[in-house]
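Enquirer: Before I ask anything, here is the structure I am working with.
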Amino acid sequence: MVACWNGFSKAAPTYDGNASVQDQITATLMDRLPEDLRPTSILDIGCGTGLLTRRLAERFPRARITALDAAPGMVRACRERFRDRPGMEVKEADIATWDSRRAFDLVTSSSSLQWVRPLEVLLDRLAELVTLDGLLAFAGMLKGTLAELHECRGLALPHHASAPPMPDADVWRAGLESRGFATEIETCTWMETPASPQDLFRALHAMGANGPPYGSLDRLLTRSELDRLAATYRERFGRPDGTIPATYQIGWFIARPCA
Ligand SMILES: C[S@@+](CC[C@H](N)C(=O)[O-])C[C@H]1O[C@@H](n2cnc3c(N)ncnc32)[C@H](O)[C@@H]1O
C-alpha cells in the first residue's frame with residue numbers, strides 16, 4: 001500500500017486554500033445525490049479537512065456522520081471543524097483495514113479513493129460498508145489526471161520510481177459491478193492553467209499530493225530534480241503567456257447494491 005498520508009497530514013493547514021478543484025468536485029457530487037435521499041447514517045471516506053463532510057452535514061442535519069481519514073493532521077482539522085456538531089464522529093483509520101462492524105445508508109468519498117491501494121481490497125470494503133438499500137456516491141481523479149506532469153516526469157526523471165496509474169472509469173465500473181453494484185458514471189476533463197510549473201508543484205505540495213506523480217513512492221523530489229522537471233514542463237507545454245496546462249480527469253459514481 002502506498003503510504004501517502006504523511007504528506008496529507010502535514011498539508012492540513014494549507015489544504016483548503018489550494019483545493020478549489022477538489023471543492024468543486026464535492027459540490028457536483030452533492031448535486032448528483034437523489035433529491036429524496038434521507039440517510040440516517042453516513043460514512044465519508046478520506047474526509048480530509050471536511051470539505052465534503054461539511055456539505056453532507058448541511059444537507060442532512062439529522063444524520064449520524066462518521067468521517068474517516070488515515071492522516072492524523074487531517075483528522076485533527078476535521079474534528080476541529082465539527083467539534084460542535086452533534087452526531088459527528090471523526091475517526092483516524094485506513095479504509096483498507098478499518099474494522100467497521102456496521103454498514104451505512106450512504107457511503108461517500110471525494111478526491112480520495114484514487115489513493116487507496118490495493119483497489120480490489122477497497123472495492124471489497126465498499127461492498128461491505130453500504131447497506132442493502134443504501135447508496136455509494138463518490139468522485140475522484142481518474143487515469144490521465146496530470147498527464148502532462150506524468151509525461152514530463154518520464155522525460156526528465158526516467159529512473160525515478162513513479163506510481164501505477166489511477167484506475168479509469170471502466171476499471172471502477174467493472175469492479176463495482178462484479179460486487180453487485182448498479183453504477184451510474186459521469187466523467188469530465190478539467191483543465192487548470194497554473195502560472196508556472198512551480199506554482200503547480202507548490203499547490204500540490206500544499207494539498208499533500210507530494211506522493212506520486214509529483215514526488216516518488218519513497219521520497220520527495222530534490223530541488224534540482226524539481227528544477228529539471230519544471231524546465232521540461234515549460235519546454236513541452238509552456239504557453240506564450242507563461243501559463244501551463246494541468247489536466248484532471250474526473251469521475252462521479254452513484255452506485256446501488258442490486259438485490
Ligand atoms: C485530496 S484529500 C480529499 C479530502 C476531502 N474528501 C476533499 O474532498 O477535500 C484525500 C484524503 O484521502 C485520505 N486517504 C488517502 N488514503 C486513505 C486511506 N487508505 N484511508 C483513509 N483515508 C485515506 C488522505 O489522508 C487525504 O486526507
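The numbers here are math on the coordinates, done by the rules we state, and not lab data. The shown structure was predicted, so the numbers you read here are calculated from the model rather than taken from an experiment. For neighbour counting, all protein chains shown are included, and Cβ atoms are generated from backbone atoms with ideal geometry for every residue, glycine included.
Enquirer: Search the structure for amide H atoms under 5 Å from the amide H of CYS47, placed 1.01 Å from N in the peptide plane, and list their residues when 5 or more places away or on another chain.
Expert: Hits under the 5 Å cutoff: LEU68, ASP69.
Enquirer: With an 8 Å cut-off on Cα pairs and a minimum separation of 6 or more residues, tell me the relative contact order of the chain in percent.
Expert: 24 percent
Enquirer: So how strong a dipole does the stretch 1-128 carry about its Cα centre when Lys and Arg Cβ are +1 and Asp and Glu Cβ are -1, to the nearest 20 debye? Please list the in-between numbers first.
Expert: On the way: 18 positive and 18 negative charges, 70 e Å.
Magnitude of the dipole: close to 340 debye.
Enquirer: Could you check what % of the DSSP bridge pairs in the chain are antiparallel, to the nearest 5? It would help to have the intermediate numbers written out before the result.
Expert: On the way: 18 of 38 bridges.
Restricted to the chain, the bridges split so that about 45 percent are antiparallel.
Enquirer: What translational D, rounded to a whole number of µm²/s, comes out for the chain from Stokes-Einstein when the hydrodynamic radius is the Kirkwood one over Cα pairs, at 25 °C and 0.890 mPa s?
Expert: Rounded, D is 130 µm²/s.
Enquirer: Place a label point 7 angstrom from the Cα of ASP241 along the Cα-to-Cβ direction, then list the residues of the stretch 177-206 whose backbone nitrogen is under 17 Å away.
Expert: 191-197, 199-200
Enquirer: While we're here: Given points 7 Å out from each Cα along the Cα-Cβ axis, report the ALA96 to VAL171 separation in nanometres with one decimal.
Expert: 1.3 nm
Enquirer: Once you list every other residue whose beta carbon is under 13 Å from the beta carbon of PRO194, what net charge do they have if Lys and Arg are +1 and Asp and Glu are -1? Each step should come with its number before you reach the end.
Expert: Details: positive: ARG202, ARG234, ARG239; negative: GLU148, GLU192, ASP199, ASP241.
So the environment of PRO194 carries a net charge of -1.
Enquirer: What does the C-alpha gyration tensor say about the overall shape of the stretch 1-133? Classify as rounded when a/c is under 1.5, otherwise prolate if a/b is larger than b/c, or oblate.
Expert: rounded
Enquirer: To the nearest Å, what is the center-to-center distance of the stretch 19-71 and the stretch 116-143, using C-alpha atoms only?
Expert: Each part reduced to its Cα centre gives a spacing of 15 Å.
Enquirer: Follow-up. Given R₀ = 22 Å, what would the calculated FRET efficiency be for ALA27 paired with ARG234, taking r from the Cβ atoms and rounding to 0.05?
Expert: That gives a FRET efficiency of 0.10.
Enquirer: Determine the gain in length on full extension of the stretch GLU184-CYS258; use 0.36 nm per residue of separation and subtract their C-alpha separation, reporting nm with one decimal.
Expert: Taking GLU184 through CYS258 to full extension adds about 25.4 nm, to one decimal.
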